[in-house]
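All of the numbers you see were taken from the coordinates with simple rules; none came from a lab. Everything quoted here is computed from the prediction, not taken from an experiment. Backbone-built Cβ (ideal geometry, glycine too); neighbour counts: all protein chains shown.
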Amino acid sequence: MTDRTTRPLLVIAAFAASLAAGLLVVLWLAGGLSSVTASASIGGPFQLTDQVGQTVTDKNLKGKPTLIFFGFTHCPDVCPTSLFEISEVLRAMGKDADRVNAYFVSVDPERDTAAAMKDYLSSFDPHLKGLTGDADAVAKVISGFRVYAKKVPLKDGDYTMDHTALIYLMDRDGKFVSPFNLKRKPEESAADLKRYL
């Protein structure tokens with residue numbers, strides 16, 4: 001084949017591959033793919049520090065259902081909104097909120113120290129724990145949960161972060177179940193979460 005005919009074929013093949021990958025993600029988010037397959041590839045060992053300096057590892061996920069959200073304290077909208085929605089679900093759970101883990105994992109360890117996380121989370125439900133660590137520890141958990149996170153420079157020399165905005169639901173064994181839907185009444189989300197207690 002000549003270079004002229006090979007190049008369009010490569011473009012078409014690349015487009016088809018990206019289309020297939022996109023379709024898989026959409027099916028997964030819609031619940032069309034078995035969560036058994038997904039659960040095997042999301043999660044894994046990690047060791048981070050919470051906002052009061054306590055070590056938290058993947059072993060802390062065992063014994064309780066867990067909600068995990070990845071974000072950063074300088075996030076202007078998605079993060080505070082999601083954390084507020086998680087807080088509302090925890091409030092709607094009443095005393096059962098003590099039987100759930102809820103983690104906010106930083107994708108910006110450069111700025112999100114334990115102290116910064118503690119200050120930031122003071123506006124949300126006290127059950128929420130903020131997890132951070134050094135760049136390698138954070139990179140490991142980001143990779144394990146297949147989170148997209150990228151530093152984006154701003155014109156003033158500062159930066160922001162692009163990142164995955166899913167809430168991960170893990171079961172009592174620390175295995176991924178599915179993305180957790182917060183786009184409903186807090187009471188409905190709470191009732192759904194109670195099924196995993």
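Key figures for this structure:
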{"read-out": "Amide H contacts of Met161 (H built 1.01 Å from N, under 5 Å, at least 5 apart or other chain)", "value": "Val152"}
{"read-out": "Phi to ³J(HN,Hα) by Karplus 6.51 cos²θ - 1.76 cosθ + 1.60 over the stretch 101-112, Hz, x for Gly, Pro", "value": "8, 9, 10, 10, 9, 6, 9, 10, x, 4, 9, 8"}
{"read-out": "Hz values of 3J(HN,Hα) by residue in the stretch 169-184 - Karplus curve (6.51, -1.76, 1.60), Gly and Pro given as x", "value": "9, 10, 7, 5, 9, x, 9, 5, 9, 5, x, 9, 7, 9, 8, 7"}
{"read-out": "Highest-first arrangement of 81-91, 62-72, 177-187, where packing means the average Cβ count within 10 Å", "value": "62-72, 81-91, 177-187"}
{"read-out": "Long-range amide H partners of Lys129 with built H, under 5 Å", "value": "Ala102, Tyr103, Phe104"}
{"read-out": "Amide H within-cut-off set for Ser178, under 5 Å, with H built and near neighbours excluded", "value": "Leu169"}
{"read-out": "Potential extension, Ala191-Val78 segment - 0.36 nm per residue separation minus Cα distance", "value": "38.3 nm"}
{"read-out": "Protection proxy ranking, peptides 131-141, 104-114, average beta carbon neighbours within 10 Å, highest first", "value": "104-114, 131-141"}
{"read-out": "Fully extended contour minus Cα-Cα distance, from Thr164 to Lys95, at 0.36 nm per residue", "value": "21.8 nm"}
{"read-out": "Gain upon complete extension [Val52, Ser122; 0.36 nm per residue less C-alpha separation]", "value": "24.0 nm"}
{"read-out": "Value in Å of the Kirkwood radius, where the stretch 43-194 supplies the Cα pairs that are averaged", "value": "15.5 Å"}
{"read-out": "Pair Leu154, Lys59: separation of 7 Å Cα→Cβ label points (nm)", "value": "4.0 nm"}
{"read-out": "Formal net charge of residues neighbouring Val152 (Cβ-Cβ distance under 15 Å; K, R +1; D, E -1)", "value": "-2"}
